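*Asks:* Following this message is one structure expressed as structure tokens.
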Amino acid sequence: MSNSNATTQCEQDFLILVEAALSRDLWALKLFDSWGKPLPSGVLKGNMLWTGNYDECLDSLYQPANKTFLSQPFVGQYCTLSPSETISQGMISSGLTLGICVPSSCDRQSIVRLARNLFKKDNITENNLLCSNDGATLLSATPQSIFIAQFSAIRTLRRIFTMEKKNDDNSLAFIHGLRVLSLFWVIFGHSILFNLFYTNNIIDVLSWSHNIAFQLISNGVLSVDTFFVISGFLTAIIFVREITKEKLSFRFLIRYYIHRYIRLTPTFLLVLLVSINLTAYFGRGPIYPSIQGFESEGCRQHGWWTAILYVGNLVHVDDMCLGVSWYLYNDMQFHWIAPLALIPFVIGRKSIGYFVTTIYVLIGIGSIVGILLYYPNMSLSLFADATNVPYLTYGKSKHYP
């Protein structure tokens, strides 16, 4: 490939790679399969990103038999080539970006020489090249970075988890911090989860699930526990605070239940009406309106009464009306049974309160065990098995029966 008699380590490795591909060795075919392909779908619509498959290039370490590479083991290096010529339309500038996979022994100069020979273009330079092995650029300290460094994570966390000794609502301000941190976790997990239904490399995602860092996503359902704890904590405080102002009565309990229902239901009804009647008209495309968790077919078939009565996680579970509302069902049901545990503490019968609380805990543990016995093949993680349908149907509520 080089005009000189002496070939570089990169070029020798690349020649061995080409020979293996011509011999139909799978490891070499996989490497070339990761290259961006010419003329993908949508070129006439401006699709100039022929990136190929980044992970396929970098995932495997190739140690082929009877092949002697100058660098062992053979590792792929992913690069993108972007020629200088671009097509401009107003503020939009578009140019071809081609993903290639080359031996890791190749430096930037060698890759440029290979690209010039492969594509018969002499104007390719290192400025057109971006590789996975390129070192990160270190940024010098700027006023902005110095300002950000002044924030102390320890001090911030201490403020979040500290409760001031004041008898007012401001003493519970730490709850807002817990809400924000948990909300970040929920948004992050759902951003990954909902995209999984439309990804074209689901096998890679399942392999990622074995990575320890990925457990933050696969166990994202636990972030909901924070909201249940906060809800129960506030329910207990408000219940005790209100009941000390007036005597326990049937009227007080009726107001307790009605207040919660009126607080949630009008907004929930609006979301239901929009989801059932209007979401089909919000967009158009090959995968729309099939939006996981927002399906309204169950509402049409079985009626939306299960939603407004907050029993959707108990009736027609296989075809739930607006699946994402499962949290509201559980939260409302916890609110229904909370007085049974709180009233004994208020009237001075703490032993009864502890007994009822223990019964609740045992019922929760027992229901989880029962579900796992009924579905013995159900994994404890959503990503452990691509066909884990019982988890999708019952698992998201199994922690909160």
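What follows draws every value from the coordinates through simple rules; no lab data is involved. Values in this document were obtained by computation on a predicted structure and should not be read as measured data. Reconstructed Cβ throughout: ideal geometry from the backbone, glycine too, with neighbour counts over all protein chains shown.
*Asks:* What is the local net charge at residue 227, summed over the other residues whose Cβ is closer than 9 Å to its Cβ (Lys, Arg +1; Asp, Glu -1)?
*Replies:* Residues near residue 227 contribute -1 overall.
*Asks:* Moving on. Can you run phi through the Karplus equation (6.51, -1.76, 1.60; θ = phi - 60°) for segment 307-317 and list ³J(HN,Hα) in whole Hz, with x for Gly and Pro?
*Replies:* Running phi through 6.51 cos²θ - 1.76 cosθ + 1.60 with θ = phi - 60° gives 6, 6, 8, 6, 10, x, 8, 10, 10, 6, 5 Hz.
*Asks:* Quick one: order 78, 54 by neighbouring beta-carbon count within 10 Å, fewest to most.
*Replies:* 54, 78
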